[in-house]
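Accompanying notes for the structure given below.
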Amino acid sequence: QVQLVESGGGLVQPGGSLRLACVASGRTFTVDTMGWFRQAPGKEREFVSAIRWSADTTYYRDSVRGRFTISGDNAENIVYLQMNSLKPEDTAVYYCAAGMRDGYPIGISDYDYWGQGTQVTVSS
């Protein structure tokens, strides 16, 4: 029983920045992994980034590495995704996810809870 709410999406120009936030509530003590996925029209939902609280380890897909930064505060049950140098191909609905399972957290099946998503549009 974990609820996730994303915020921070919007419309930005190429090269601009956004910071997404995800707030978790409920049985957050069961969660060790929080991640971000995105889904563009006509495409599969894809992994973007994740953080494992206990290991203090972060993960990024290659196309966002160096541009995006995941961070958060486990005590406050919040995770952020700072997105810089945004490109049109970053346009998608971004979903926050939380997982209890161990393993390399890059797959949809690694997560147990999902937010409703927030729209990010990068366009001139």
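Determine which member of the set D112, D56, D62 is exposed (fewer than 14 other Cβ atoms within 10 Å of the Cβ) and under 15 Å from the mean Cα position of the chain (by Cα).
D62
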R67: farther than 16 Å from V2 by Cα, open to solvent by 10 Å² or more (accessible area, probe 1.4 Å) and in contact (Cβ under 8 Å) with a residue 40 or more places away in the chain, yes or no? no
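Looking only at segment 8-37, count how many residues are under 13 Å from M100 (Cα atoms) and touching a Ser or Thr at 6+ places or on another chain (Cβ under 6 Å).
So the count comes out to 1.
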Of all residues in segment 21-53, how many are out of contact with any strand residue (DSSP E or B) (no Cβ under 8 Å at 6 or more places or on another chain) and surrounded by 15 or more Cβ atoms within 10 Å (Cβ to Cβ)? 0
Is it true that V5 is open to solvent by less than 40 Å² (accessible area, probe 1.4 Å), in contact (Cβ under 8 Å) with a residue 12 or more places away in the chain, among the β-branched types (V, I, T) and under 23 Å from R101 (Cβ atoms)? no
Within the bounds of segment 18-26, is there any residue that is under 17 Å from I108 (Cβ atoms) and outside any loop (DSSP other than H, G, I, E, B)? yes
Right, T91: open to solvent by less than 80 Å² (accessible area, probe 1.4 Å), free of Cβ contacts under 8 Å to residues at least 24 places away in the same chain and of a type in the set (V, I, T) or not? no
Considering only residues that are at pLDDT 95 or above and more than 13 Å from the chain's Cα centre (by Cα), look in segment 75-88 and name the one that is least open to solvent (accessible area, probe 1.4 Å). L86
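The values are calculated or read from the model by the stated rules, or taken from the named source; none is laboratory data. These numbers were taken from a predicted model, which means no experiment stands behind them. Glycine also receives a Cβ, built like all others from the backbone with ideal geometry; neighbour counts cover every protein chain displayed. For the accessible areas, the whole protein counts, side chains as well, though only heavy atoms, and no ligand, DNA or RNA atoms are used. Shrake-Rupley method; radii C 1.70, N 1.55, O 1.52, S 1.80 Å.
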